[in-house]
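Heads up: the structure comes next, in structure tokens.
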Amino acid sequence: MIKILLVDDHAVVRMGLKVLLNAVPDMEVVGEASEGNEGIVKALETEPDVVLMDLSMPHGKDGLTATGELKKQLPNTSILILTMHDDEEYLFRAIQAGASGCVLKSAPHQELIDAIKSVCMGNAYLHPAATKRLMDEYLGSIKNDGSDTYQLLSDREKEVLTLIAKGYSNKEIGEQLIISVKTVETHKSNLMDKLQMKTRPELVAYALKKGLLGYGM
């Protein structure tokens with residue numbers, strides 16, 4: 001059962017999402033909040049697997065700030081941004097704050113359901129219109145002066161990077177490489193430091209650029 005917390009300042013939107021998601025056999029809405037501060041409190045109480053977070057909430061803490069604070073307190077909770085507008089600046093900032101992706105409020109119901117399942121599994125999810133721009137942004141940010149940071153990684157770190165980018169959890173990576181979860185986390189921390197990256201989408205973009213996923217950009 002995927003536990004979901006709704007954070008949106010519109011009661012009608014929350015009600016509609018609650019009806020929709022509770023009708024999905026493996027999903028349950030465990031709480032709702034109307035602004036970021038309340039969302040953080042409810043998240044700490046319910047420990048959801050996924051938070052659906054609206055960005056624009058005029059009263060109280062906005063979704064962008066709440067996302068960053070919530071990821072610090074509940075790093076294993078995935079945050080999926082809900083937005084009415086395809087706003088490039090806020091999208092990038094939300095991903096950098098720790099969000100696992102975003103879905104437009106105008107998206108079909110099945111897309112939202114698929115997105116929730118995807119981020120719950122540890123994957124990044126972006127609505128199709130945002131994918132190319134986000135990849136371009138991150139690919140541009142990791143261009144360097146000719147030095148190849150990939151060569152700074154050990155063979156094991158390269159293996160971990162590839163599996164992370166493919167969407168495997170730390171536990172699954174440990175099982176595949178026959179190492180402990182703690183060791184996986186150490187390799188992950190080391191490779192992110194070397195590549196100067198902070199989020200999974202950045203790693204996915206980097207892996208795409210290096211051709212580690214079997215296809216490039």
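The values are calculated or read from the model by the stated rules, or taken from the named source; none is laboratory data. Because the structure is predicted, anything quoted here is derived from the model rather than measured. Quick reminder, even Gly has a Cβ in these numbers, built from the backbone with ideal geometry, and neighbours come from all protein chains shown.
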Exercise for review: State yes or no: is SER118 more than 30 Å from LEU6 (Cβ to Cβ), modelled with pLDDT of 80 or more, part of a helix (DSSP H, G or I) and among the small types (Gly, Ala, Ser)?
Suggested key: no
Practice item. Please enumerate the residues belonging to the stretch 73-85 that are at pLDDT 90 or above and over 16 Å from ALA124 (Cβ atoms). Key: GLN73, LEU74
Review point. In the stretch 159-179, which residues are among the β-branched types (Val, Ile, Thr) and part of a helix (DSSP H, G or I)?
Key: VAL160, THR162, ILE164, ILE173
**Study point:** Subset of the stretch 41-60 that is crowded, with 19+ Cβ neighbours inside 10 Å and modelled with pLDDT under 95 - its residue that is nearest to the chain's Cα centre (by Cα)
**Key:** MET53
Practice item. Quick one: ILE178 ticks every box in (1) out of contact with any strand residue (DSSP E or B) (no Cβ under 9 Å at 6 or more places or on another chain); (2) surrounded by 14 or more Cβ atoms within 10 Å (Cβ to Cβ) except a single one, so which number is it? Key: (2)
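Which one is surrounded by the most Cβ atoms within 10 Å (Cβ to Cβ), of the residues in the stretch 104-123 that are of a type outside the set (D, E, K, R), in contact with a helix residue (DSSP H, G or I) (Cβ under 9 Å, 6 or more places away or on another chain) and in contact (Cβ under 8 Å) with a residue 40 or more places away in the chain? Give the steps one after another, and end with the answer.
Taking the stretch 104-123 as the starting set, the residues that turn out to be of a type outside the set (D, E, K, R) are 104, 106-110, 112-113, 115-116, 118-123.
Right, trim to in contact with a helix residue (DSSP H, G or I) (Cβ under 9 Å, 6 or more places away or on another chain) and you get 104, 107, 109, 112-113, 116, 122-123.
This time we only want the ones that are in contact (Cβ under 8 Å) with a residue 40 or more places away in the chain, so: 109, 112-113, 116, 122-123.
Details: HIS109: 13, LEU112: 22, ILE113: 18, ILE116: 25, GLY122: 17, ASN123: 19.
If we take residues in the stretch 104-123 being of a type outside the set (D, E, K, R), in contact with a helix residue (DSSP H, G or I) (Cβ under 9 Å, 6 or more places away or on another chain) and in contact (Cβ under 8 Å) with a residue 40 or more places away in the chain, then ILE116 is surrounded by the most Cβ atoms within 10 Å (Cβ to Cβ).
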Exercise for review: Confirm whether SER154 is assigned by TED's automatic domain parsing to the domain that holds MET53, hydroxyl-bearing (Ser, Thr, Tyr) and modelled with pLDDT of 85 or more.
Suggested key: no
Exercise for review: Identify, from the list LEU212, LEU203, LEU161, the residue that is within 15 Å of THR149 (Cα to Cα) and at pLDDT 90 or above.
Suggested key: LEU161
Study note, to complete from the structure: Subset of the stretch 30-61, residues acidic (Asp, Glu), closer than 19 Å to GLY122 by Cα and in contact with a strand residue (DSSP E or B) (Cβ under 6 Å, 6 or more places away or on another chain), comes to ASP49
